[in-house]
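Worksheet: one structure, shown below.
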Amino acid sequence: MIIKTKRFTLRPFRKGDERSHQKNINDKAIYKYTLRIPYPYTMQHAKKWVKLNLSPSKKQCRLVIDIEDEAAGSVSIENMDGFKGEIGYWLAKKYWNKGIVTQAAGIMAKIGFKKLKLKRIYANIHHNNKSSARVLEKNGFLKEGLLKKAGLKKGKVFDVFMYAKVK
């Protein structure tokens, strides 16, 4: 599946994405609010991740946010369980505040409902991640609640907001 917009292309991972993926994701600002991305993000991490995504499973749909032929970010629906799935995304810091990840997440939500036939798409976000909350809200996701002590990073437990959109 390849989706072209004026500013970026959503496409599957491919061999050769390792270098730009590693360069763009290896940023403390990205690590700070993501729940599963390590820091530092090494080339070994990137090679393993790209290889994993060359043969995707039926429990996820992961696409690269390609800007100027670079893996500048990613948007996905993971943990699919019949009727529901979890949306996630990240974008290289140099592209923040341009509406790119908002648009990419909106496209992925449409894929989730139309192509993947999901009835519920949800996101768990760090309670201090106001930018991610805005991305979700702009795409019609509603805050369903606060999950107390539901996140863990660097040995510290923190609260997580649960957002969801249903069809």
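No lab work stands behind these numbers, since they all come straight from the coordinates. This one's a predicted model, so the numbers in the text were calculated from it and none came from an experiment. With ideal geometry, Cβ positions are generated from the backbone for all residues, glycine too; neighbour counts draw on all protein chains shown.
Numbers for the structure displayed
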| quantity | calculated |
| --- | --- |
| Loop sites in segment 56-162: GluC sites (Glu not before Pro), DSSP, at most 15 other Cβ within 10 Å | Glu68 |
| Rounded to whole Hz, the Karplus (6.51, -1.76, 1.60) HN-Hα couplings of segment 3-11, x for glycine and proline | 10, 9, 10, 5, 9, 7, 10, 9, 8 |
| Residue-count net charge about Lys59 - beta-carbon cut-off 11 Å; Lys, Arg +1, Asp, Glu -1 | -1 |
| Percentage, to the nearest whole number, of Cα pairs in segment 120-164 over 18 Å apart | 24 |
| Gaussian network model of the chain, Cα within-10 Å springs - most flexible of Arg36, Arg120, Arg62 | Arg36 |
| Counted charge near Lys84, where neighbours are those whose Cβ lies closer than 10 Å (Asp, Glu -1; Lys, Arg +1) | 0 |
| The chain - Rg (one decimal) and Dmax (whole number), Cα, Å | 15.1, 41 |
| Among Phe113, Phe83, Phe13: highest mean-square fluctuation, GNM of the chain, C-alpha pairs under 10 Å | Phe83 |
| Segment 3-122, relative contact order [Cα under 8 Å, separation at least 6], % | 25 |
| Neighbourhood net charge (14 Å Cβ-Cβ; Lys/Arg +1, Asp/Glu -1) for Thr5 | +4 |
| For the chain, built as a Gaussian network whose Cα springs stay under 10 Å, the top-fluctuating residue of Ser20, Ser76, Ser131 | Ser131 |
